[in-house]
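To keep things clear, I will list the structure first and then write my remarks on it.
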Amino acid sequence: MSFVVSERKAAPNLGSTSLRVLAVVAAGVLLAAAPFFVYPIFLMKALCFALFACAFNLLLGYGGLLSFGHAAYFGAAAYVCGYAAKTLGLTPELSILAGTAASALLGVGFGWLAIRRQGIYFSMITLALAQMVFFFCVQAPFTGGEDGMQAIPRGYLFGIIDLNNTLAMYVFVVAVFLIGFGIIWRTVDSPFGEVLRAIRDNEPRAISLGYKANRYKLLAFVLSAALAGLAGSTKALVFQLASLTDVHWAMSGEVVLMTLIGGMGTIFGPVVGAVIVVAMQNYLAHLGSWVMMIQGATFIACVLLFRAGIVGTIIHYLRARRGGSSGQA
Amino acid sequence: MQQHAPRPSGPTGDGDNIIETRGLTKEFLGFVAVRDVNLKVKRHTIHALIGPNGAGKTTVFNLLTKFLRPTSGSIHFNGVDVTRTAPADMAGQGMVRSFQISSVFSHLTVLENVRVALQRPLGISFHFWKPRRTLHPLHERADELIEWVGLTPYRDVNAGELSYGRKRALEFATTLALEPEMLLLDEPMAGLGHEDIHRISSLIKRVAANRTVLMVEHNLSVVADLSDTITVLTRGSVLAEGDYAAVSTNPSVREAYIGGVHA
Ligand SMILES: Nc1ncnc2c1ncn2[C@@H]1O[C@H](COP(=O)(O)OP(=O)(O)OP(=O)(O)O)[C@@H](O)[C@H]1O
Ligand SMILES: [Mg+2]
């Protein structure tokens with residue numbers, strides 16, 4: 001080669017495609033078998049949070065935008081979905097759509113404001129806006145204040161299928177998750193996704209190539225908010241509850257945690273991270289506030305040991321191995 | 001000032017100059033970084049902007065490419081006043097820049113780096129529902145460009161893993177994907193070794209065959225070798241302009257910039 005050789009020829013980074021297909025098949029088998037071994041309610045919770053984390057990761061991992069206020073979209077959607085199902089008596093699929101649409105709208109407004117600033121200022125604006133949503137939910141008459149919105153009916157899917165049947169509900173949640181996950185995967189792999197990643201890597205250069213960066217960031221923000229809303233709406237139906245916990249800043253922090261533990265900027269990382277965090281909360285619940293300590297310790301260990309998160313580290317490892325075998329200097 | 005024989009000029013009058021600034025000035029909180037610069041870059045030439053550190057070269061670039069708004073003065077590109085144009089619209093007008101530090105997308109492969117530049121004219125860059133293969137028709141052109149800069153063996157490598165010289169080569173491939181009339185290069189040789197400098201030099205020459213290049217460069221032998229015209233900037237103002245022979249023998253240039261060290 002003509003240039004001075006100073007680095008190893010690495011393996012193609014898209015080589016992970018076959019790996020992804022493998023992961024999808026494995027996940028499918030797991031999802032089908034899981035309700036026979038694990039509490040369905042736990043699985044549904046994990047799926048909702050996995051979708052939430054994936055939505056968040058679309059913005060952080062692929063857009064390079066760290067939102068500290070994603071609970072706003074998750075929680076607002078939960079309330080709107082609950083209101084639609086309980087007060088308006090809409091069917092579950094329409095209630096979920098209502099919640100998702102509400103979050104998308106919120107995302108348009110908040111995103112439009114936040115993307116005007118970069119880095120930590122962006123994060124602070126998202127946090128401040130989310131706090132406004134929180135206080136609104138504390139005050140508003142229809143949220144039920146401290147008690148939350150309780151006894152949200154799961155209802156009949158399309159007016160036919162009774163979602164009070166746990167297995168039916170589980171299948172429905174799996175379907176919602178797969179749709180949301182599919183949208184995110186497609187978005188990342190789309191022409192839009194490529195431009196978004198370019199802007200994340202080097203915004204001025206992307207602008208000089210003719211891309212109006214803010215428009216792409218806004219679209220990513222809205223998609224992320226809408227999908228976080230999809231997760232929040234579904235969660236409201238699973239637990240038949242929408243509460244202040246859903247819009248609290250701690251929820252915004254938790255989704256950051258899940259994404260970083262699993263690996264930001266990877267397709268499956270947030271899923272893994274969400275399952276780990278939800279599992280810790282569920283199975284260590286008897287330890288009381290120690291859960292927080294363990295969660296914190298796990299987070300620190302993950303960040304120190306695997307900077308790229310669990311899935312990110314596995315990908316690096318596999319890529320390095322493959323690169324080593326095919327590498328000509 | 002300009003004593004070149006003018007070519008037949010286009011409809012806009014001064015068709016000979018692709019870019020022209022009038023009284024370009026930029027102040028940062030009272031500090032004048034660029035003062036009353038009247039820069040004219042002739043079409044199909046390589047024009048170098050040189051000067052000591054902090055002279056205002058990058059600031060001039062930022063003004064020309066609209067990343068900064070001038071405090072006063074105007075910028076004309078192809079006879080059109082672009083003083084108020086948005087930076088992202090300059091690519092559409094035919095002007096693309098590189099940056100002093102790095103101009104690659106590190107976590108995109110070499111192919112993706114070039115492809116992202118090629119995809120804009122397709123008008124599908126907001127289509128988040130379309131699969132990746134929508135972009136595959138671009139591969140033929142992308143591969144041509146990648147080959148042109150000698151990066152074919154690295155097509156599927158992440159740009160961040162390339163050596164400095166190859167990153168520069170990739171920048172060219174990406175920039176050329178837009179088929180710009182004019183390229184602005186901010187220190188294209190910075191950080192490069194001997195051999196890479198040679199390669200990038202010949203790339204610039206090939207690129208400039210039917211394009212205009214304006215570049216900031218500290219390496220004077222590169223400047224001497226490549227440029228048709230040199231503008232010397234010190235403390236925000238133009239000190240001298242001309243070809244290398246004229247500029248390098250100019251006493252005030254020798255004093256202020258070259259300091260008598262270079263012959
Ligand atoms: N955004 C800014 N705010 C305030 N001052 C600035 C800004 N950008 C540049 N300057 C100042 O303007 C002057 C010119 O800077 P510029 O980067 O244009 O110099 P340069 O000629 O490119 O130098 P170098 O050779 O080191 O790249 C410097 O004194 C710099 O500190
Ligand atoms: Mg500079």
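Might you check whether a residue that is free of Cβ contacts under 8 Å to residues at least 60 places away in the same chain and out of contact with any Gly (no Cβ under 6 Å at 6 or more places or on another chain) occurs anywhere in region A:219-233? The answer is yes; a qualifying residue exists.
Is at least one residue of region A:232-244 surrounded by fewer than 20 Cβ atoms within 10 Å (Cβ to Cβ), in contact with a strand residue (DSSP E or B) (Cβ under 8 Å, 6 or more places away or on another chain) and either over 23 Å from A:Gly75 (Cβ atoms) or not basic (Lys, Arg) (or both)? The answer is yes; a qualifying residue exists.
Can you pull out the residues in region A:148-198 that are touching a Gly at 6+ places or on another chain (Cβ under 7 Å) and β-branched (Val, Ile, Thr)? Even if it seems obvious, please write down each step before you answer.
Of all residues in region A:148-198, those touching a Gly at 6+ places or on another chain (Cβ under 7 Å) come to A:149-150, A:152, A:163, A:187, A:196.
Within region A:148-198, A:Ile152, A:Thr187 meet the criteria.
Yes or no, residue by residue, for (1) of a type in the set (Asp, Glu); (2) under 30 Å from A:Lys86 (Cβ atoms); (3) open to solvent by 50 Å² or more (accessible area, probe 1.4 Å):
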| position | (1), (2), (3) |
| --- | --- |
| A:Met258 | no, yes, no |
| A:Thr266 | no, no, no |
| A:Gly273 | no, no, no |
| A:Asn282 | no, yes, yes |
| A:Ala285 | no, yes, yes |
| A:Gly309 | no, no, no |
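Inside region A:287-307, residues that are assigned to a loop (DSSP other than H, G, I, E, B), open to solvent by 60 Å² or more (accessible area, probe 1.4 Å) and out of contact with any Ser or Thr (no Cβ under 8 Å at 6 or more places or on another chain) make up a count of 1.
Taken over region B:98-118, the criterion of being buried (at least 17 other Cβ atoms within 10 Å of the Cβ) and at pLDDT below 90 is satisfied by B:Ser98, B:Phe99, B:Ser102, B:Ser103. For region B:35-61, filtering for residues that are small (Gly, Ala, Ser), farther than 15 Å from B:Thr21 by Cβ and within 9 Å of ligand 1 (Cβ to nearest atom) leaves 3. Filter region B:207-234 down to residues that are within 14 Å of ligand 2 (Cβ to nearest atom) and open to solvent by 10 Å² or more (accessible area, probe 1.4 Å) and give me whichever is nearest to the other protein chains (Cβ to nearest Cβ). Only one residue fits best here, namely B:Asn219. Restrict the check to region B:72-82 and report whether at least one residue is among the small types (Gly, Ala, Ser), at the interface with chain A (Cβ under 9 Å from one of its Cβ atoms) and surrounded by 17 or more Cβ atoms within 10 Å (Cβ to Cβ). Among the residues of region B:72-82, not one is among the small types (Gly, Ala, Ser), at the interface with chain A (Cβ under 9 Å from one of its Cβ atoms) and surrounded by 17 or more Cβ atoms within 10 Å (Cβ to Cβ), which makes the answer no. For B:Gly150, are the conditions met, namely being open to solvent by 30 Å² or more (accessible area, probe 1.4 Å), closer than 27 Å to B:Ala48 by Cα and not in a helix (DSSP H, G or I)? Judged against the criteria, B:Gly150 is not a match.
Of the residues in region B:251-259, not one is away from ligand 1 (no atom under 16 Å from the Cβ), touching a residue at least 24 places away in the same chain (Cβ under 8 Å), of a type in the set (D, E, K, R) and not in a strand (DSSP E or B). If you check B:Lys66 against the conditions, is it closer than 29 Å to B:Ser248 by Cβ, crowded, with 19+ Cβ neighbours inside 10 Å and among the charged types (D, E, K, R)? In short, no.
I need every pair where a residue in region A:21-47 that is farther than 22 Å from A:Gln281 by Cβ has its Cβ under 7 Å from the Cβ of a residue that is open to solvent by less than 60 Å² (accessible area, probe 1.4 Å), sequence separation at least 6 or different chains. Partner pairs satisfying both residue conditions: A:Ala23/A:Phe268. Flag not set for B:Pro121, criterion: surrounded by fewer than 18 Cβ atoms within 10 Å (Cβ to Cβ) and within 12 Å of ligand 1 (Cβ to nearest atom).
Yes or no: A:Ala78 among the hydrophobic types (A, V, I, L, M, F, W, C) and touching a residue at least 12 places away in the same chain (Cβ under 8 Å)? The answer is yes for A:Ala78.
Scanning region B:69-105 for residues that are over 14 Å from the mean Cα position of the chain (by Cα) and part of a loop (DSSP other than H, G, I, E, B) yields B:Arg69, B:Pro70, B:Thr71, B:Asn78, B:Gly79, B:Val82, B:Thr83, B:Arg84, B:Thr85, B:Ala86, B:Val104, B:Phe105. Given the criteria assigned by TED's automatic domain parsing to the domain that holds B:Thr212, within 13 Å of ligand 2 (Cβ to nearest atom) and small (Gly, Ala, Ser), does B:Gly73 qualify? Here the answer is no, as B:Gly73 does not meet what is asked.
Tell me, which residue of region A:141-192 that is among the polar types (S, T, N, Q) and open to solvent by 20 Å² or more (accessible area, probe 1.4 Å) is farthest from the other protein chains (Cβ to nearest Cβ)? Ranking the qualifying residues of region A:141-192, first place goes to A:Gln150.
The values are calculated or read from the model by the stated rules, or taken from the named source; none is laboratory data. Owing to the predicted nature of the structure, the values given are computational and were not obtained by experimental measurement. Note that each Cβ is placed from the backbone with ideal geometry, even for glycine, and that neighbours are counted across all protein chains shown. In case anyone asks, the SASA skips ligands and DNA or RNA and just uses the protein heavy atoms, side chains included. Shrake-Rupley method; radii C 1.70, N 1.55, O 1.52, S 1.80 Å.
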